[in-house]
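Visitor: The following block contains the structure, expressed as structure tokens.
The values are calculated or read from the model by the stated rules, or taken from the named source; none is laboratory data. Only a predicted model underlies this, so the values are computations on that prediction, with no experimental measurement involved. All Cβ positions, glycine included, derive from the backbone under ideal geometry; neighbour counts span all protein chains shown.
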Amino acid sequence: MTREEKQQLVGELSEKLASTDYFYVTDASGLTVAEINDFRRLCFESGLEYRVVKNTLISKALESLETDYTEFSEKVLKGFSGIIFSPEIGNAPAKVIKDYHKKSSKEKPELKGASIDSDVFIGSENLDMLSKLKSKDELLGEVIGLLQSPAKNVISALQSGGQTISGLLKALEEKSAEN
């Protein structure tokens, strides 16, 4: 690879990292080409992109970002590295890695590190926690559900009493008697 090609690749990686809020770095050493292709296919089917890139190129691309990834570069970028880019969902790469582990009964690819909204997670021990993270849409759904709950209680009380004031009073009286 020529110097110009490397610079172009670092530029592409920098743009990709800057525009992607969620990326995971994995170690897939020891997997065959067919196994890596299976993992890449699983990523693609989940709407993710998986690329194998040299550590020095990843490090240079991270240096161009506003966030300080020094510790990430020092601890994570060693050995065989692949990057999983997730455009929308922070826990999707972790779920794909865990699914691949179940499917292949191998411990590779192993999570080396992840960046979720510029927060850094280093080490494979974070995989379970990262897979349980809720997406923005899931959190919004929970908040909306919590906000709708009191209104649903009043509506159901109105409907249960035949939509009359006496029915509402009776329902409220019963509720206060329970408490």
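Visitor: Please work out which residue is farthest from Ala94 (Cα to Cα), limiting yourself to the stretch 23-38 and to residues that are of a type outside the set (Val, Ile, Thr) and under 17 Å from the mean Cα position of the chain (by Cα).
Guide: Going through the stretch 23-38, the residues of a type outside the set (Val, Ile, Thr) turn out to be 23-24, 27-31, 34-35, 37-38.
In the following step, the residues that additionally are under 17 Å from the mean Cα position of the chain (by Cα) were identified as 23-24.
Numbers: Phe23: 10, Tyr24: 8 Å.
Checked the stretch 23-38; the qualifying residue farthest from Ala94 (Cα to Cα) is Phe23.
Visitor: For the stretch 41-78, give me each residue that is among the aromatic types (Phe, Trp, Tyr) and part of a helix (DSSP H, G or I).
Guide: Just the residues of the stretch 41-78 that are among the aromatic types (Phe, Trp, Tyr), to begin with: 44, 50, 69, 72.
Result: Phe44, Phe72.
Visitor: Residue by residue through the stretch 79-98, note down the ones that are touching a helix residue (DSSP H, G or I) at 6+ places or on another chain (Cβ under 7 Å) and either in a helix (DSSP H, G or I) or loosely packed, with under 15 Cβ neighbours inside 10 Å (or both).
Guide: Of all residues in the stretch 79-98, those touching a helix residue (DSSP H, G or I) at 6+ places or on another chain (Cβ under 7 Å) come to 81, 83-86, 91, 94-98.
Scanning the stretch 79-98 gives Ala94, Lys95, Val96, Ile97, Lys98.
Visitor: Taking Val10 and the conditions (1) in contact with a Gly (Cβ under 6 Å, 6 or more places away or on another chain); (2) surrounded by 17 or more Cβ atoms within 10 Å (Cβ to Cβ); (3) not hydroxyl-bearing (Ser, Thr, Tyr), which numbered condition does it fall short on, given that it satisfies the others?
Guide: The number of the failed condition is (1).
Visitor: Among the candidates Ala114, Ala171, which residue alone is at pLDDT 85 or above and small (Gly, Ala, Ser)?
Guide: Values: Ala171 fails: at pLDDT 85 or above.
Residue meeting the stated conditions: Ala114.
Visitor: Every residue in the stretch 22-57 that is over 25 Å from Ser104 (Cβ atoms) and either hydrophobic (A, V, I, L, M, F, W, C) or surrounded by 17 or more Cβ atoms within 10 Å (Cβ to Cβ) (or both), please.
Guide: Passing the criteria: only Leu57.
Visitor: Exactly one of these conditions fails for Ser124: (1) exposed (fewer than 15 other Cβ atoms within 10 Å of the Cβ); (2) at pLDDT below 85; (3) in the same structural domain as Cys43 (by TED's automatic domain parsing). Give me its number.
Guide: (1)
Visitor: From the list Leu77, Leu62, Leu48, which one is modelled with pLDDT of 90 or more and either in the same structural domain as Lys112 (by TED's automatic domain parsing) or under 19 Å from Asp117 (Cα atoms) (or both)? Write out each step before concluding.
Guide: On the way: Leu77 fails: modelled with pLDDT of 90 or more; Leu62 fails: modelled with pLDDT of 90 or more.
Exactly one residue qualifies, and that residue is Leu48.
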